[in-house]
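Remarks on the structure that follows.
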Amino acid sequence: MNSASEALITSSEKITVIHFWATWCGPCIQELPALINILPEFKKYDVQTYIISTDSAGLTKVPAFLKQQKIEISDLYLDPKSTYFKRIFGNTLPTTILVDRNGNEIGRVNGATKWTKNSVAYLLSRVTSP
């Protein structure tokens, strides 16, 4: 597990998807499996992804929750004080942000969304084309 530091997230020169969630958030729990299943689609387009838990009990709660839910996240990031979430003016969970190669926000979804291969492919083909 990693700390969600602003330097880490903005250092990428790739299109980046940043997703904030929490174990106590019903819509987050419903949405998370579909998001995890679609992560290979992001990799096809060379998109960096950050899945960030805002749980205050981060290390003590999140791994057990994921194991119980049978969800595997290879690179999970923690923001237990919601420091980064507040910096991006987050006020709803889940929140997903799309960032361009220059670190500029180019899209945001506040609340749960339906993650499908077709919708992700369409979006990423539009923002990753030269």
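Computed from the coordinates by the stated procedures, all read-outs in this text should not be read as laboratory data. Everything quoted here is computed from the prediction, not taken from an experiment. Every residue, glycine among them, receives a Cβ derived from its backbone with ideal geometry; neighbour counts consider all protein chains shown.
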Worksheet item: Using Cα atoms only, what is the angle between the long axis of helix 58-69 and the major principal axis of the chain, expressed in degrees (0 to 90) to the nearest 10?
Response: 80
Discussion item. What do you get for the angle between helix 26-44 and the principal long axis of the chain? Use alpha-carbon atoms, 0 to 90 degrees, nearest ten.
Written reply: 40
Worksheet item: Which whole-angstrom value gives the distance between the alpha carbon centres of segment 23-41 and segment 64-130?
Response: 10
Worksheet entry | 222 nm mean residue ellipticity, helices alone, for the chain (DSSP H n ≥ 4; -39,500 (n - 2.57); rounded to 500) | -12000 deg cm²/dmol
Discussion item. Rounded, prolate or oblate, given the Cα gyration tensor of segment 61-130, with a/c below 1.5 counting as rounded?
Written reply: oblate
Response to the item:
At q = 0.13, 0.20, 0.22 Å⁻¹, the log10 of I(q)/I(0) for segment 13-130 from a Debye sum over equal Cα scatterers comes to -0.48, -1.15, -1.37
Item to complete: Would you mind putting 28-36, 119-127 in packing order, based on average other-beta-carbon counts within 10 Å, highest first?
Response: 28-36, 119-127
Worksheet item: DSSP beta bridges in segment 2-124, what fraction antiparallel, as a percent rounded to 5?
Response: 50
Worksheet entry | Two-site label geometry, S56 and S119: point separation in nm, points 7 Å out along Cα→Cβ | 3.2
Worksheet item: Mind checking the angle between helix 117-128 and the chain's longest principal axis? C-alpha axes, 0 to 90 degrees, to the nearest 10.
Response: 60
Item to complete: Identify the residues of segment 21-64 with backbone N under 14 Å of a label point that sits 7 angstrom from the Cα of R108 along the Cα-to-Cβ direction, or state none.
Response: none
